[in-house]
Amino acid sequence: MDQLPLFPVEASAQAGQVDALYFFLVAVSAFFAVLIAVLLIVFAVKFRRRREDEVGEAIHGSIALEMAWTLIPLGIAMFMFVWGAQVFFHLTRPPRGAMEVYVVGKQWMWKLQHMDGAREINELHVPVGRPVKLIMGSEDVIHSFFLPAFRVKADVVPGRYNTLWFTATKPGRYHIFCTQYCGTKHSAMIGWVTVMEPADYQAWLSGGSSGISIADNGAKLFQDLGCASCHQEVQQGRGPTLRGGYGHDVKLNDGQTVAFNDDYIRESIVNPQAKIVAGFQPIMPTFQGLVSEDQLLQLVAYVKSLGGAAPGGGIPIPPSLMPKAPNGREPGGVSGETGTGRGAQPAPKSPGN
Amino acid sequence: MDTITTTTGLNYLNNGYGLKSWLLTKDHKRIALLYLWSVTAFFALGGFFALLIRLELLTPAADLVQPETYNKLFTMHGVIMVFFFLIPSIPATLGNFLIPIMVGAKDLAFPRINLLSWYIYILGGLFTIVAAATGGIDTGWTFYVPYSTAASNSHVILAGLGVFITGFSSILTGLNFVVTVHRMRAPGLTWFRLPLFVWSHYATSLIMILGTPVIAITVLLVAVERGLHLGIFDPALGGDPILFQHLFWFYSHPAVYIMILPAMGVISEIVQAFARKNVFGYAFVAFSSLAIAIIGFLVWGHHLFVSGESTYAGLIFSILSFLVAIPSAVKVFNWTATIYKGSVSFESPMLYVFGFIGLFTIGGLTGLFLATMGLDVHVHDTYFVIAHFHYVMVGGAIMGYLGGIHYWWPKITGRMYPEGLAKFAALCVFVGFNLTFFPQFIVGYLGMPRRYAMYPEEFQVYNVLSTAGASVLGVGYLIPIIYLIWSLKNSPLAGPNPWGAKGLEWEIPSPPPTENFAVTPVVTQGTHQYAPSREVGIAH
Amino acid sequence: MPTSGSGDYHPGPVAIQPGGHGDPHAVHHPKLQHHFDDMAQQAEASTLGMWVFLVTEIMFFGGLFMAYIVYRYASPLGFEEASHELNLYLGAINTAVLICSSLTMALAVRAAQTNQSRGTQVGFLLVTMLFGFGFLGIKAYEYWEKFHVGHVPGPYFVWDGQYPHAAEQFYSLYFAMTGLHALHMIVGISIMTYITIMAWRRTYDAEYYTPVEVAGLYWHFVDIVWIFLFPLLYLIGGHY
């Protein structure tokens, strides 16, 4: 079977669920395909023409049969729908506290940044047994991040963030493919994800990290780009303060509300006029073209680190139920990678749950 | 034999010979032949690109052609096969030829518009061929933005205009069919006496009319954005690339049904003729065509499950996608039941029917895999999808097309085709097809993405199988082209009704006279009654 | 193997009735095309054909309306601001012009239908075309005005309001939608020119006026599109 594999290796917690669904559908399909084939062959042989002037019987139909072969397939299809939706929910809802990795797709490479600042190109190192959430943006055209061994995939669309998560279960090296056609070297936009034992992963991490986390980089940018002159620590500047807002709903000046999430932060940097917070003037200039996708992700990470509601992508908790965002770091929690040095930034990480 | 059926005398083929008598003809039958030649030419061109694709994929590295060239090859293969072969194939040739005859009319409602639609088709084809010849286009047939508007260096606007223009040919054909079916039916030919071929073309026409304008405006907006930098789809200009995907698939998913519904109509006709039996559950087969056309418009979002589309939108599109599978299943069951207690013979059109039902069943069932959200995440944009839609479009639509061409060849040309060769070709097509595309389900589930010029070595075995199958398939397609042309001069005359089949087209001479019917026929019962009615279940 | 001409196990579904419905020797109108049985069938086919065509037109504009809905929902304030720069008075005048042209178009159809003189028919058609040209003239002036102040999207787009991004999007859609509409007006005027010439040659009467009616359907449709475009583009945000 090494030469002719029929199924890819199952290397994530989700893979088994997808495969179970797959086997069920294969079984149903095989049953119906064989049923039709056998009926066709039996009827064709049994009722073959024996005399040149023979005609078939005039049978016009049967309501009972029509109902049967409408309703039975419908029932099976609805079962598939429910099961498929269930698996999909699981595949698209990352658990709280997943380790976050930022991914930028560009023609034709994948750039990945770990929260503590370690960067990789076309390679992703993750520990076994730990949920990993990828937050992905694109610098140019649409790409798609596909990990066949984990049975997960998400398009990487310019102008917005899509996410993807998995929990690797088996150490090893597995393919990363770009599955959305993106130009000349689309088929070269591939890479490897390396799943390591937690201890090996820690060792790898301490070797590769620059020591400056994404949020730290974002904080520096926040100062350099002059954001801090309007968006201040307390509500006194010309722009709204960003502290403690993440994950909550924000009231806009046209009466609508918007969720303060990764996408909103991104949009507010590149297209600041689009959704103005109630009580403020649309005076912020656009930073489109001035900051790269990498830098945008750093800024997003920084703003997230200022605290707020649930960590990105988790099930939002109503503000009333939220504990006040703590300023200090929490052990474990979202950010995960511990032990890297921090600057003087307050609250460099988003809080845990 | 009927008094009006004579095989000698004036018919639509010998009624004028000059080039002008063809290029300026308003006769639906001659226009059908103009289409037949042109779609065959485009099929050959698209097939040539497919051949190069398969040869390149024989090895994991990009050694036959560079990735840049490979990208152009699969784009041109897709654009030509979808827009210039599959969409016009059955409706514009067999539909054009047969619908007026089947409804007992002398011509389509608007003969001049019919001719115009062919010229529009050719004009659109020229744009695309010029685009291909002057450097090609590399966006994939889906023209996804922002690649097509901002990144690609190829002739996107030219090819886009080709698709835009040829869309109008499709719209005009659909319009002509709808009006003809509504207004030109012979006296006594009520809706429930219509051949199922007409029903399926009616449903197809509805999709052409409602869907094609949307792709036209979408492709036009791509051209405008690319040419004038208006910000409509490109996020760098403030647009929304996902909106493009919605608009694109709003047409292009129903377009799949434009390809398969006419083939289903062909199958319904052939299965009745060679089982010498009226179809089982006429009303269910007829209405399932309409159901497919209508529900087919509501499922486009299943192409966007992994694009970041909201989960709730995804749920709705998923459940609707399951629903659209049901009418197709109903058809398959009804065709199978039609053979029961029939008088089955095995001429090559019937072999194509068996092939169609088998392959379409697999194609349809694997469609369920893609409608299942949790599973689609894994197989989306892999070779699984490629295998699925080739099972529907090649295993389904082209099998139907070939079956139909053989079945009506005696009517169209007045001559038979060589039956032995035809059976051999049908076998080649069936075997070659399965060998080509079945391995792609497996390699797709293994994770091989589509549109890859290079691929990891572990996928090679399946690709070699595919390429081997493709060569058999290619031979299976080449043989009919040769013997059908040969038969024009050399085969025995067919007579008006070589199959002993029912239907108005078999009541007139082969080839039919220019006016089809000397006098308008009056229909007194369903057009496909082989034996006196036996009252079982429902009856019409 | 196929058997030649053995299709008669029992009577076929067809009964040929010479002299019946489709008797080719009956006297018919000179404008009756050979493949129709009678004038009524021909007229019904043409009218239905135009209705079906208009359905495709609705879908054609529908793609643009969809884009409009999406982008206006994304930036309602920007669209409002951009809309205020449009010339409301010219837009309103153009709306009135088109409504009047629909009236004269309807009167032209009526004139043909009721066998009125060719002078009346041609008169109404000419007035309709005149309104059409009037509309295009005003539209051209508006375009020129926008061009002049730099509201044409692209590298030279100028906007000194608060929402340059949304404004550019708005004007992209404005030019796409009104441009497509103007193109339909030009096609409509071309059709009218043909119909007018034919009317001058006394082609249309109570028995044969389908072309006028069908052209009228098209003309009304183009008007109705404008009736949707006008509020969507000019009347956002209550600056009237």
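The values are calculated or read from the model by the stated rules, or taken from the named source; none is laboratory data. Treat the numbers as computed from the prediction; the structure is a model and nothing was measured. When we count neighbours, we look across all protein chains shown, and the Cβ atoms used for this are built from the backbone with ideal geometry, even at glycine.
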Problem - Condition check for B:Phe192: more than 8 Å from every other protein chain (Cβ to nearest Cβ), more than 22 Å from the chain's Cα centre (by Cα) and touching a residue at least 60 places away in the same chain (Cβ under 8 Å) - result: yes
Practice task
Quickly run through segment A:231-254 and pick out the residues that are out of contact with any Pro (no Cβ under 9 Å at 6 or more places or on another chain), exposed (fewer than 15 other Cβ atoms within 10 Å of the Cβ) and touching a residue at least 12 places away in the same chain (Cβ under 8 Å).
Solution key: A:Arg238, A:Lys251
Exercise for the section: Report yes if some residue within segment B:441-452 is of a type in the set (D, E, K, R) and either in a helix (DSSP H, G or I) or more than 13 Å from chain A (Cβ to nearest Cβ) (or both); otherwise report no. Expected result: no
Practice task
Filter segment A:55-75 down to the residues that are among the β-branched types (Val, Ile, Thr) and buried (at least 19 other Cβ atoms within 10 Å of the Cβ), then identify the one that is nearest to B:Lys502 (Cα to Cα).
Solution key: A:Val55
Practice task
Would you point out which residue out of C:Gly188, C:Gly137 is surrounded by fewer than 19 Cβ atoms within 10 Å (Cβ to Cβ), at pLDDT 90 or above, part of a helix (DSSP H, G or I) and small (Gly, Ala, Ser)?
Solution key: C:Gly137
Practice task
May I ask you to say which residue of B:Trp486, B:Trp506 is part of a helix (DSSP H, G or I) and surrounded by fewer than 22 Cβ atoms within 10 Å (Cβ to Cβ)?
Solution key: B:Trp486
Practice task
For segment B:314-321, state whether one or more residues are in contact (Cβ under 8 Å) with a residue 60 or more places away in the chain and not charged (D, E, K, R).
Solution key: no
Completion exercise
Sole miss for B:Pro187 among (1) at pLDDT below 90; (2) surrounded by fewer than 24 Cβ atoms within 10 Å (Cβ to Cβ) is condition (1)
Handout entry: Test: C:Thr56 is in contact with a Ser or Thr (Cβ under 8 Å, 6 or more places away or on another chain), modelled with pLDDT of 90 or more and assigned to a helix (DSSP H, G or I)
Key = yes
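Residues checked against (1) of a type in the set (Val, Ile, Thr); (2) crowded, with 22+ Cβ neighbours inside 10 Å; (3) not in a helix (DSSP H, G or I):
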position	(1), (2), (3)
C:Thr95	yes, no, no
C:Ala106	no, no, no
C:Arg110	no, no, no
C:Thr120	yes, no, no
C:Leu125	no, yes, no
Exercise for the section: State whether one or more residues within segment B:369-390 are over 23 Å from A:Gln180 (Cβ atoms) and surrounded by fewer than 24 Cβ atoms within 10 Å (Cβ to Cβ). Expected result: no
Handout entry: Condition check for A:Thr179: in contact (Cβ under 8 Å) with a residue 60 or more places away in the chain and buried (at least 16 other Cβ atoms within 10 Å of the Cβ)
Key = no
Practice task
Output the number of residues of segment C:63-105 satisfying the condition of being under 30 Å from A:Ser268 (Cβ atoms), of a type in the set (A, V, I, L, M, F, W, C) and more than 14 Å from every other protein chain (Cβ to nearest Cβ).
Solution key: 1
Practice task
Would you check if there is a residue in segment A:66-81 being touching a Pro at 6+ places or on another chain (Cβ under 8 Å) and at pLDDT 90 or above?
Solution key: no
Practice task
Of all residues in segment C:28-41, count the ones that are assigned to a helix (DSSP H, G or I), more than 17 Å from C:Val109 (Cβ to Cβ) and more than 8 Å from chain B (Cβ to nearest Cβ).
Solution key: 1
Practice task
May I ask you to verify whether B:Phe441 is touching a residue at least 24 places away in the same chain (Cβ under 8 Å) and buried (at least 19 other Cβ atoms within 10 Å of the Cβ)?
Solution key: yes
Practice task
Evaluate segment B:113-130: report whether one residue or more is in contact with a helix residue (DSSP H, G or I) (Cβ under 7 Å, 6 or more places away or on another chain) and facing another protein chain (nearest Cβ under 10 Å).
Solution key: yes
Practice task
For residues that are surrounded by fewer than 24 Cβ atoms within 10 Å (Cβ to Cβ), within 14 Å of the chain's Cα centre (by Cα) and hydroxyl-bearing (Ser, Thr, Tyr), tally how many sit in segment A:128-169.
Solution key: 2
